[in-house]
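Comments concern the structure below.
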Amino acid sequence: MEKENYIIVRIFGGLGNQLWQYALGRSLSLKYKKKLVLDISFFNNPLIDLPKGFKAKFELNKFKIPENTLIEKNCYNHSYKFFKYFIKFLPNFIKKLFFKNKKYKINNFLFEEKLFKKKFFNLSQTKKESSYLIGYWQCKDYMSQNSSIIKKELKPKYIKNYVKKFVNKIKNNIVAIHIRGGDIVVEKNYSEPENSFYLKIIDTLKKKNKNFYFHIFTDDLKFINKFIKNCKLENYKIISENQKFSHIDEFYIMQHYKYFIISRSTFSWWAAYLGKDNNRKIFAPKIWYDKKIIFKEIKLKNMILI
């Protein structure tokens, strides 16, 4: 293997974050005609970058990513914060000491300076070098030139027949609601939207059509009964309740609703972004991260902010 011409992206966090990281790496690999490498060292010791009690596993291999995408299991085993606050300030020849994989000649280390803000890359002068990227990279502009390619590649590799049948039965009067659980209870900069957010949307929809029906998707079933009571939902079904579908199945299913209420979640953001219907209505919290209004870098054209 030649030690040149690679875009190496550190993959860490839950599925939503992995999709952002892949999208950036794939876009850069296409633009600069370099091979893409996914460094999944994080999953050897995920607690270094995740809140206590939150589990994550590498899941990009469940999607139709190109077969020539290289996956490395032991490249960089230190935390995101360790790089952010220490390693990135060191000269490159010292940085290399923290990377165990000897297959790649890494001469260019790129770190995301600020969340949601686009970083401008110029890798045209690094034709015989590998670039290593660490960050969340949550900005839709990174993939704007290759969005059609990336959307095709981020379709599940295997779609079960009963999932296809379920999708075919989704009617336009059914509204999908995603309730984020998992690490939301320990995240300092995110929180589940207040009941008023859901109530306002539900009331608005009911005024338009009294025959609306609601499908609820969540990884926090303990919270759902309280949510249903507070929002006075009557016509609903908790899709996640019977555990028939995997969360990859649910991720795919959520892409097919005419109306979709998302939470402050990269998981449901991607389900909204990958939807085929450009006219679908996406209801999203106006306040997204750190008590700030949703950033233009992740706002979609068909989003209605509440």
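The values are calculated or read from the model by the stated rules, or taken from the named source; none is laboratory data. Here the structure is a predicted model, which means the values were calculated and not measured. So basically every Cβ, Gly included, is an ideal-geometry build from the backbone, and we count neighbours across all protein chains shown. Just so you know, the surface numbers come from the protein's heavy atoms only, side chains and all, with ligands and any DNA or RNA stripped out. Shrake-Rupley method; radii C 1.70, N 1.55, O 1.52, S 1.80 Å.
Take Lys296: with every protein chain present and a 1.4 Å probe, its accessible area is about 140 Å².
Counting only DSSP beta bridges whose two residues both lie in the chain, roughly 10 percent are antiparallel.
The trypsin sites (Lys or Arg not before Pro) of region 187-282 that meet both conditions, a loop assignment by DSSP and at most 16 other Cβ atoms within 10 Å of the site Cβ, are Lys188, Lys210, Lys232, Lys244, Lys258, Lys276. Of the beta bridges in region 183-306, as assigned by DSSP with both residues counted there, near 20 percent are antiparallel.
Count charges around Leu90 for me, please; just the other residues with Cβ under 14 Å from its Cβ, Lys/Arg as +1, Asp/Glu as -1.
With Lys, Arg at +1 and Asp, Glu at -1, the neighbours total +4.
Helical content alone sets the calculated 222 nm signal of the chain at -7500 deg cm²/dmol, taking -39,500 (n - 2.57) per DSSP H segment of four or more residues and averaging over every residue.
Under a point spin-label approximation (7 Å from Cα along Cα-to-Cβ), what is the Leu90-Glu59 distance to one decimal in nm? Label at Leu90, label at Glu59, 3.3 nm between them. Summing +1 for each Lys or Arg and -1 for each Asp or Glu among the other residues whose beta-carbon sits under 12 angstrom from that of Tyr136 gives +1. Note on the chain: GNM, Cα springs under 10 Å; of Leu133, Leu30, Leu19, the largest mean-square fluctuation is that of Leu30. By the scheme Lys and Arg +1, Asp and Glu -1, what is the net charge of all other residues having a beta-carbon under 9 Å from that of Ile40? For residues surrounding Ile40, the net value is 0.
Excluding the site residues themselves, the longest part of the chain lacking any chymotrypsin sites (Phe, Trp or Tyr not before Pro) in a DSSP loop with at most 12 other Cβ atoms within 10 Å is 159-306. As a ratio to 2.2 N^0.38 Å, the alpha-carbon radius of gyration for region 9-103 is 1.10.
Using 19 Å as the cut-off for backbone N distance, which residues of region 133-161 belong to the label zone defined by a point 7 Å from the Cα of Phe295 along Cα→Cβ? Residues passing the 19 Å test: 133-145. Coupling constants for region 23-30 follow from the phi torsions by the Karplus curve (6.51 cos²θ - 1.76 cosθ + 1.60, θ = phi - 60°), and in residue order they are 4, 5, x, 5, 4, 5, 5, 6 Hz; glycine and proline get x.
Put a plus charge on the Cβ of each Lys and Arg, a minus charge on the Cβ of each Asp and Glu, and nothing anywhere else: the dipole of the chain about its Cα centre is then about 620 debye.
Residue-wise HN-Hα couplings along region 174-179, as the Karplus relation 6.51 cos²θ - 1.76 cosθ + 1.60 with θ = phi - 60° gives them from phi, are 9, 9, 8, 10, 10, 10 Hz; Gly and Pro carry x. In loop segments of region 74-170 as defined by DSSP, the GluC sites (Glu not before Pro) with at most 10 further C-beta atoms inside 10 Å of their C-beta are Glu113.
Fully extending the segment from Lys160 to Tyr213 would add 16.6 nm, taking 0.36 nm per residue of separation and subtracting the current Cα-Cα distance. My understanding is that a pair violates if its Cα-Cα distance is over 20 Å; which of Lys73/Lys105; Lys152/Lys276; Lys34/Lys128; Lys165/Lys232 do that in this structure? Check vs 20 Å cut-off fails for Lys165/Lys232.
Estimated at the nearest 10 Å², the accessible area of Lys119 is 50 Å² with a 1.4 Å probe. Out of these labelled values of Cα Rg over 2.2 N^0.38 Å, [x] 1.24; [y] 1.09; [z] 1.05, which was calculated from the coordinates shown here? Step by step, Cα Rg over 2.2 N^0.38 Å for this structure corresponds to label [z].
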